[in-house]
Amino acid sequence: YIQNTTTKLIEVILVVGVMTLVCFCLPVLWNKCTPLPVDMEEWSDQEKKLVDQLVPLYCPSETHYNELASLYLTDSDTAIKQLFHFREIGDHNDSTFSSLALFLFLFPYISIACFTCGTAVPAGMFVPSLLSGSAFGRLIGHLLHKLDKTRGTFADSGTYALMGAAAITGGVTRMTISLTVMILEATGDMQYVLPLMLVVMSARLSGNIFTEGLYDIHIHSRHLSFLDEDENIEHLAELHDITVSDVMTVKPICLKTVVRVGEVYDMLCNVKHHLFPIIDDKDGGILLGTITRKVICTIMKHKAYGPATADPNSYKRISPLVNWASLECIYPRYPLIEEISLLDSERNAWIDLRPYIDFAAYSISENASIQRSYRMFRTLGLRHLCVTTKYNQLVGIVTRADLVASHVLSQAKTVRISSIKADSDKYYGSSNGFDSPRNGPNSPRGGSNEVELDKFYSN
């Protein structure tokens, strides 16, 4: 929730300092040098290369290595491979990473990963969850081997590291099928299909008991308008009998096909909308199409203006054409309106928007159901949806924020209050039904008013 840029920078510096201190001090304080595996005749070439990548911090590099340094001071990819591939099973237990080393790595590392995930840096939790899960799974493997008295009943610790990585990652991200497929692609061994499916589903179900997934938490913390598949929109729409016209934004900002540069510039400076409908004002506001903010800014960046003396009603194009390659070659860094300078002599020039209009923009009838618009947004990946009458006249626009369950419920409440007021005016003849003599707080009917209606909806 830190908004100030300087404060974000200070936070990142402090987090980096703490992480560096922990990741360096723990291997230094680990004053145990572990001998390198000697009997590697049955080991694969990949496993032998991983042995060469063990870190010998303050240990003889040819014969020993530091267990914590090999986990903390190497890249995550190598550490995950070491936890997966080093063999520890039954009587032939080459303890490349002891239980204490795994414990001292697991809990500090996962704590640092969780703390870093919320800072203003481009970091995620996918690889940290794989690495911490690998350490957790290998630790469980050690525990089972000790309970088994090294009789070889249980699988290799690397197998438990694989299952632990799937479990922690599935619990954090709530991924199921995609995570299982990715791990199977990485291992290339189909015998792990059933164990992975059980582990991932168990992790997902266990996590859902306590909280939402990491990415859902991020979406809600940033107040993003995400249309979830499980939103109870259908029930709300049927219960309150509302349509698209009840939740849409009325009187949206529209543009004509040919506009003055100064008018468009002032409009873009005053609003932050991403899309603008194009209407024909000579034909009752018929919707012609839409145009995005980035296209208008790119046109103004190229100064593609027509002369002020041109006829805006002409059927011929009156301003220079900016080709599609010029419009899209700067993706994703489209020009901002703040970066565009406008001369006084250019304010009366014309911009011909006709070549850039999306004439196939999606639209919906004002009498359509909320469920239909919700499905259109989810299946088509829309950001905006124009609302029209049966004569294709623009009456409003719907965005994702208008279809969030909280907004739909709020609009349903407003519609219900208006309906009750209208019925009260009809039957009791008052200008506002809640203050009429027969419907007021002192009436014999018990004083049904807006406060009681608020209590009804809050419950």
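The values are calculated or read from the model by the stated rules, or taken from the named source; none is laboratory data. None of the values given here were measured: they were computed from a predicted structure. Cβ placement follows ideal geometry from the backbone for every residue including glycine, while neighbour counts extend to all protein chains displayed. The area values use the complete protein model at the heavy-atom level, side chains included, leaving out ligands, DNA and RNA. Shrake-Rupley method; radii C 1.70, N 1.55, O 1.52, S 1.80 Å.
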Can you spot a residue in region 147-156 that is among the aliphatic types (A, V, I, L, M) and exposed (fewer than 14 other Cβ atoms within 10 Å of the Cβ)? yes
Could you tell me how many of the residues in region 41-72 are in contact with a helix residue (DSSP H, G or I) (Cβ under 6 Å, 6 or more places away or on another chain) and not in a helix (DSSP H, G or I)? 5
Since Cys386 meets every condition but one in (1) open to solvent by less than 20 Å² (accessible area, probe 1.4 Å); (2) part of a helix (DSSP H, G or I); (3) out of contact with any helix residue (DSSP H, G or I) (no Cβ under 7 Å at 6 or more places or on another chain); (4) not polar (S, T, N, Q), which condition does it not meet? (2)
For region 257-274, which positions are under 18 Å from Arg354 (Cβ atoms) and either open to solvent by less than 10 Å² (accessible area, probe 1.4 Å) or not in a helix (DSSP H, G or I) (or both)? Thr257, Val258, Val259, Arg260, Val261, Val264
Across region 24-40, which residue is farthest from Leu102 (Cα to Cα) among those that are out of contact with any Lys or Arg (no Cβ under 9 Å at 6 or more places or on another chain), without any contact (Cβ under 8 Å) to a residue 40 or more places away in the chain and part of a loop (DSSP other than H, G, I, E, B)? Val38
If we keep just the residues of region 317-361 that are open to solvent by 70 Å² or more (accessible area, probe 1.4 Å) and among the polar types (S, T, N, Q), which is modelled with the highest pLDDT? Asn348
Hey, among Leu275, Leu224, which residue is of a type outside the set (Lys, Arg) and closer than 30 Å to Asn348 by Cα? Leu275
Need pairs with beta-carbon distance below 7 Å; first residue among the hydroxyl-bearing types (Ser, Thr, Tyr) and within region 369-382, second outside any helix (DSSP H, G or I); sequence gap 6+ or separate chains. Ser369/Thr243; Ser373/Ile364; Ser373/Leu385; Ser373/Val398; Tyr374/Leu227
Residue under question is Leu21, and the condition is that it be surrounded by 13 or more Cβ atoms within 10 Å (Cβ to Cβ) and either part of a helix (DSSP H, G or I) or in contact with a Pro (Cβ under 8 Å, 6 or more places away or on another chain) (or both); does it hold? no
Residue hits (region 394-447; open to solvent by less than 40 Å² (accessible area, probe 1.4 Å), assigned to a loop (DSSP other than H, G, I, E, B) and at pLDDT below 70) are Ser430, Ser436, Asn439, Gly440, Ser443, Gly447
